[in-house]
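The block underneath contains the structure these notes are about, expressed in structure tokens.
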Amino acid sequence: MAATKAAGSDNAADDQKILSIDARTLRGLAHPLRIRLLSTLREFGPATASKLADRLGESSGATSYHLRQLATYGFVEDDPELGKGRERWWRAAHSGSAFDTAIMKDADPEVRGAMNVVLHELATAHAQELNTWLGTMHEWPEEWTQNWDLSDFKIRLTPELTSELAYKIHDLVNSYRGRVPEGTEGSAMVRTHTHLFPRPNA
């Protein structure tokens, strides 16, 4: 997912094709495998159900079924440039997703439950990605092992200032898009996670 809430400037939204998720589409995403399939297509590009099954360690029957469900809700679509043979190629329909925070207080408990599934899966994925880096960073060139970050901060804010900070972080990250062309020697896809949440005072 590119965003777990509607954050970022209008210009950033124009640079990316972002799907705004409502209560209906949320139901189509609230499954661990669907979240993994969508994230994989967004990061690595078009693939068939069998290729995704190999990458994710799932059966092609399962990936095929859940891809069709994602397509029903508008998350993925056929890739007409690649899907010319017998195999069906899929691609992500959007580069990211944004959730309206009102969904978290929806009167329907099924909607709140679906949101809970999605958010916890995203948090788990973030932890897995970070742990993978920590376990494999010795395999990377020195330029990368000296230029990464694992930080946390504690600052007192109001809800309004927290929202302002989130917008500014999103704007900053988006300002780096396109600065390094794909295929540039020595470059890599860098993952940035942001977590802003209140803590008890005592």
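The values are calculated or read from the model by the stated rules, or taken from the named source; none is laboratory data. Computed from a predicted model, the values in this text were never measured in an experiment. No Cβ is skipped: glycine too gets one built from the backbone with ideal geometry, and neighbour counts run over all protein chains shown. What goes into the accessible areas is simple: the full protein's heavy atoms, side chains included, and nothing from ligands, DNA or RNA. Shrake-Rupley method; radii C 1.70, N 1.55, O 1.52, S 1.80 Å.
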Through the Karplus equation 6.51 cos²θ - 1.76 cosθ + 1.60, θ set to phi - 60°, convert the phi angles of segment 169-184 into ³J(HN,Hα) values in whole Hz; use x for Gly and Pro.
5, 4, 4, 5, 4, 5, 5, 8, 5, x, 6, 10, x, 4, x, 4
With DNA, RNA and ligands ignored, accessible area of Met115 (1.4 Å probe; Å², nearest 10)
0 Å²
Got a sec to turn the phi values of segment 120-128 into Karplus ³J(HN,Hα) couplings, 6.51 cos²θ - 1.76 cosθ + 1.60 with θ = phi - 60°, whole Hz, x for Gly and Pro?
5, 5, 5, 5, 5, 4, 4, 5, 5
Estimated distance in nm for a label pair at Thr72 and Phe197, the labels positioned 7 Å out from Cα along Cα-to-Cβ:
3.1 nm
State the answer as a single residue: which of Val180, Leu130, Asn201 lies farthest towards the positive end of the charge dipole of segment 105-202, with beta carbon charges of +1 for Lys and Arg and -1 for Asp and Glu, about the Cα centre.
Asn201
Can you classify the chain as rounded, prolate or oblate using the Cα gyration tensor, where a ≥ b ≥ c are the square roots of its eigenvalues, rounded means a/c under 1.5, and otherwise it's prolate if a/b beats b/c and oblate if not?
oblate
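Please work out how many pairs of lysine residues in the chain are eight or more positions apart (or on different chains) and have Cα atoms closer than 20 angstrom.
On the way: Lys5/Lys17; Lys5/Lys105; Lys5/Lys168; Lys17/Lys168; Lys51/Lys84; Lys154/Lys168.
Taking the Cα cut-off of 20 Å, the pair count is 6.
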Would you grab the residues whose amide H sits under 5 Å from the one on Thr194? Only those 5+ places off in sequence or on another chain, please, with H modelled 1.01 Å from N.
none
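Any idea what the relative contact order of the chain is, in percent, if you count C-alpha pairs under 8 Å spaced at least 6 apart?
Working: 193 pairs, mean separation 58.0, N = 202.
In percent, rounded to a whole number, it is 29.
State the percentage of accessible surface on segment 49-202 attributable to carbon and sulfur atoms; use a 1.4 Å probe and exclude ligands, DNA and RNA.
Values: 5990 of 11520 Å².
Answer for segment 49-202: carbon and sulfur cover 52 percent of the accessible area.
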Residues meeting the amide H criterion for Trp90 (H placed from the backbone, H to H distance under 5 Å, 5 or more places apart or on another chain) are Ala47, Thr48, Asp79
Quick check for you: with a 1.4 Å probe and neighbouring chains kept, what is the accessible area per residue of the chain, in Å²?
68 Å²
